[in-house]
Amino acid sequence: MVNLYEEMASQNLIKLRLYVMLRGTQPELLEYSFKKGIQENLYDNQLTIRSIKLMADGALGSRGALLLEEYTDAPGEHGHNVTPLEDIDKIVNKAYKNGFQVGIHAIGDRATREVLDIYENTFKTESTNSPKDARFRIEHAQHFDPADILRVAELDVILAMQAIHMSSDRPWAIDRLGEKRITEGAYIWQTLLKSGAKIVNGTDAPVEPINPMAGFYASVSRKTLKGMPDGGYEPLQKMTRNQALRSYTLDAAYAAFQENDKGSIEVGKWADFTILDRNIMTIPENQILETKVTKTIIGGEIVFDDEKID
């Protein structure tokens, strides 16, 4: 797939910025990439290859997310580890030594703790000859034990969450975790932001709708896409609209080491932005999902124009 991206980028066919994650289950690809080194802003800033994706556990819906305590609706079940922790630890250490970022899928509170432990130990043992600015990530990061919340900011670990998961999963997630764990540790965006953590929002397509308006709406409303319940689930954890916007822009750029190039409209940056048909920062909440993109500009070039679509 990386070869395909490179071929397309070399022909100027992508028209987007791609920040590629290498699959951690392909050791030959990883070794080749470590020898080659990180590759940034290739083909006129279209392609960057400097991150590795790993899997620590499964999903909450299938009861595969790895939990410290048993599932509320399945006594004796704790979920499972997908990739042996010893293998994750080895890859994280090699990535850190070679300047590569790591993003690890971790949904359950035990998986999240195990990942934080691996990251912390790596930083301690490999700090002498490795870059300080690792920006390691936890992908999804849906459920935390309260004891681990402050560790995220302390380790400068980025939380690549998808707010839309709360919208889709929360109606039944309480059956898996129970009210106490939901309230104290699941989808706790405001708690994490106040602790100093950075949250990066996304869509997780094709699992969820690719339209970012769905995620923005979930972030600020804590409701399903049908507008339920009134007031939203655990409303104290709602993001403000400024926080939600930042999670899609500046903090997303930071998570890709590109905050000096994109994420805001400033002199000297790449001029990547979208134009919407309404102001999502001020319109009534129930109109957010109706918002349409009218234009997309990449590097100052219009690559999508709603008015030119037949």
Please identify the pairs in which a residue from segment 288-301 that is closer than 9 Å to Asp277 by Cα has its Cβ atom under 6 Å from the Cβ atom of a residue that is basic (Lys, Arg) and surrounded by fewer than 16 Cβ atoms within 10 Å (Cβ to Cβ), counting only partners at least 6 apart or on another chain. Thr291/Arg278
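Counting residues that are open to solvent by 40 Å² or more (accessible area, probe 1.4 Å) and at pLDDT below 95, which strands (runs of 3 or more DSSP E) fully inside segment 29-113 reach at least 2?
Numbers: elements: 39-41, 47-55, 101-106.
By residue number, 39-41.
Closer than 26 Å to Gln243 by Cβ and aliphatic (A, V, I, L, M), is that true of Val82?
On the way: closer than 26 Å to Gln243 by Cβ: no; aliphatic (A, V, I, L, M): yes.
Judged against the criteria, Val82 is not a match.
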Name the pairs: first residue in segment 172-183 and closer than 11 Å to Phe144 by Cα, second residue among the β-branched types (Val, Ile, Thr), Cβ to Cβ under 7 Å, at least 6 apart or on different chains? Ile182/Ile174
Between residues in segment 100-128 that are β-branched (Val, Ile, Thr) and residues that are buried (at least 17 other Cβ atoms within 10 Å of the Cβ) and part of a loop (DSSP other than H, G, I, E, B), which pairs lie under 6 Å by C-beta distance while being six or more apart or on different chains? Val102/Phe136; Ile104/Ala56; Ile107/Leu60; Ile107/Ala65; Ile107/Gln142; Thr112/Phe144; Val115/Ala56
Among the residues listed as Ala218, Ala147, Ala173, Ala214, the single one being modelled with pLDDT of 95 or more and touching a strand residue (DSSP E or B) at 6+ places or on another chain (Cβ under 7 Å): Ala173
For segment 124-160, name all the residues that are open to solvent by 40 Å² or more (accessible area, probe 1.4 Å) and either hydrophobic (A, V, I, L, M, F, W, C) or on the phi > 0 side of the Ramachandran plot (or both). Ala147, Leu150, Asp156
Give the residue, chosen from Ala173, Ala163, Ala205, that is under 13 Å from the mean Cα position of the chain (by Cα), at negative phi, among the small types (Gly, Ala, Ser) and surrounded by 22 or more Cβ atoms within 10 Å (Cβ to Cβ). Ala163
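Out of Gly99, Gly108, Gly79, Gly103, report the one residue that is within 21 Å of the chain's Cα centre (by Cα) and at positive phi.
Details: Gly108 fails: at positive phi; Gly79 fails: within 21 Å of the chain's Cα centre (by Cα); Gly103 fails: at positive phi.
Selected residue: Gly99, the only one of Gly99, Gly108, Gly79, Gly103 that is within 21 Å of the chain's Cα centre (by Cα) and at positive phi.
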Only one residue in Gln237, Gln258 is under 28 Å from Asp156 (Cα atoms), among the polar types (S, T, N, Q) and touching a strand residue (DSSP E or B) at 6+ places or on another chain (Cβ under 8 Å), so which one is that? Gln258
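Is it the case, given these coordinates, that Gly232 is out of contact with any strand residue (DSSP E or B) (no Cβ under 6 Å at 6 or more places or on another chain), surrounded by 14 or more Cβ atoms within 10 Å (Cβ to Cβ) and either among the acidic types (Asp, Glu) or without any contact (Cβ under 8 Å) to a residue 12 or more places away in the chain (or both)?
Working: out of contact with any strand residue (DSSP E or B) (no Cβ under 6 Å at 6 or more places or on another chain): yes; surrounded by 14 or more Cβ atoms within 10 Å (Cβ to Cβ): yes; either among the acidic types (Asp, Glu) or without any contact (Cβ under 8 Å) to a residue 12 or more places away in the chain (or both): yes.
When the stated conditions are applied, Gly232 passes them.
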Within segment 261-310, of all residues that are of a type in the set (Ser, Thr, Tyr) and either open to solvent by 60 Å² or more (accessible area, probe 1.4 Å) or touching a strand residue (DSSP E or B) at 6+ places or on another chain (Cβ under 8 Å) (or both), the one nearest to Lys15 (Cα to Cα) is Thr296
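The values are calculated or read from the model by the stated rules, or taken from the named source; none is laboratory data. Values in this document were obtained by computation on a predicted structure and should not be read as measured data. Virtual Cβ from ideal backbone geometry, glycine too; neighbours counted across all protein chains shown. The area values use the complete protein model at the heavy-atom level, side chains included, leaving out ligands, DNA and RNA. Shrake-Rupley method; radii C 1.70, N 1.55, O 1.52, S 1.80 Å.
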